[in-house]
Amino acid sequence: MCTVFWGRKGVLLVDFLPQGSTINAGVYCNTLKKLHRAIQNKRHGMLSLGLVTIHDNARPHIAAAMQNLITTFGWEQFDHPPYSPDLALSDFHLFLHLKSFFAGQRFHDDEFKEAFTTCFALKAASFYDEGIQKLVQLYDKCLNNDGNYVKE
């Protein structure tokens, strides 16, 4: 299992969960703490400008511990409407490119992790900004449609 956090300028954190592990509120809180540290190290200015996270209603995302952590960090949370795959930013932008990058290849665990990280390191900041711009347009469509599911 891999969790990817990214913004307009690129990937902030790639976090691999050990095989057989389950994501629960505690695990997700630890991942968010890693994200906070990564932002401090890579793009400290983001923390002072304000940060918006997008979460769906999965149990680890709505757990009280996670909500408290987001509040402690001073981050704003933007809810992802349930059953809206067209608004799943990584699905419609990152993973399409990842799929073509990995086409026809086989990896061992460590090789995969390195290749995964390399795939996104090769992308220019404009690639990530384009994804955020697409998201803004799709969310606008969704909100103008009273929060109902929309297709691109």
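The values are calculated or read from the model by the stated rules, or taken from the named source; none is laboratory data. Everything numeric in this text was worked out from a predicted model, so none of it was measured. Cβ placement follows ideal geometry from the backbone for every residue including glycine, while neighbour counts extend to all protein chains displayed.
If we scan the stretch 29-38, do we find a residue that is surrounded by 14 or more Cβ atoms within 10 Å (Cβ to Cβ) and over 17 Å from TRP6 (Cβ atoms)?
yes
Out of all the residues in the stretch 83-96, is one or more surrounded by fewer than 14 Cβ atoms within 10 Å (Cβ to Cβ) and either farther than 23 Å from TYR128 by Cβ or modelled with pLDDT of 80 or more (or both)?
yes
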